[in-house]
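Take a look at the structure below.
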């Protein structure tokens, strides 16, 4: 009986190790991740509106047809990125993903507390180069640090009724994502 218990324990431990190893390796080994799928349709440092999702032609999985969507593939190698999107009447959210599709920051219109979500995206090294400004508070200037030089920004605007979809698409179309020409120093 003790022998069977030992074999069962070894089997469970080995299964857990294989399971966790697979979970950790799979995101980096996947060839059709979101970043790869969006490379042909989204130029770097530009907001692109995504087409309405259909079961056969959705660019990304699990897209909700009640939301207008847009993405910005960013590359911070040329400098920090200035990002802004006006909020729609119903709900607007912005999510940041590193190159390997791991979410590291998200903000919505309620958290922003303004009519426009504005922020600067930069690496930790770029942020370290910025001088400390005593008169500028976190409420005045939102800075997000990216863990990788490249990644994705996903923008979603809710249209609670089908007739409000043009308004939601207008918010996505007005979004801006560009490298700062003169970063504050």
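The values are calculated or read from the model by the stated rules, or taken from the named source; none is laboratory data. Bear in mind that the values here come from a model prediction, so they are computed numbers and not experimental data. Here Cβ is always computed from backbone atoms with ideal geometry, including for glycine, and neighbour counts include all displayed protein chains.
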Next item on the list: Could you pull out every one of the helices (runs of 4 or more DSSP H) wholly within segment 1-116 that has 3 or more residues that are surrounded by 14 or more Cβ atoms within 10 Å (Cβ to Cβ)?
Entry: 34-38
Next item on the list: May I ask you to list the residues in segment 117-134 that are in a strand (DSSP E or B) and under 12 Å from residue 145 (Cα atoms)?
Entry: 119, 120, 121, 122, 123
Item checked: Residue that is more than 21 Å from residue 44 (Cβ to Cβ), in contact with a helix residue (DSSP H, G or I) (Cβ under 7 Å, 6 or more places away or on another chain) and modelled with pLDDT under 95, where the choices are 111, 159, 168, 128 -> 159
Next item on the list: Might you check whether a residue that is more than 17 Å from the chain's Cα centre (by Cα) and modelled with pLDDT under 80 occurs anywhere in segment 31-39?
Entry: yes
Margin query: Just to be sure I understand, how many residues within segment 79-106 are more than 16 Å from residue 176 (Cβ to Cβ) and more than 13 Å from the chain's Cα centre (by Cα)?
Written below: 3
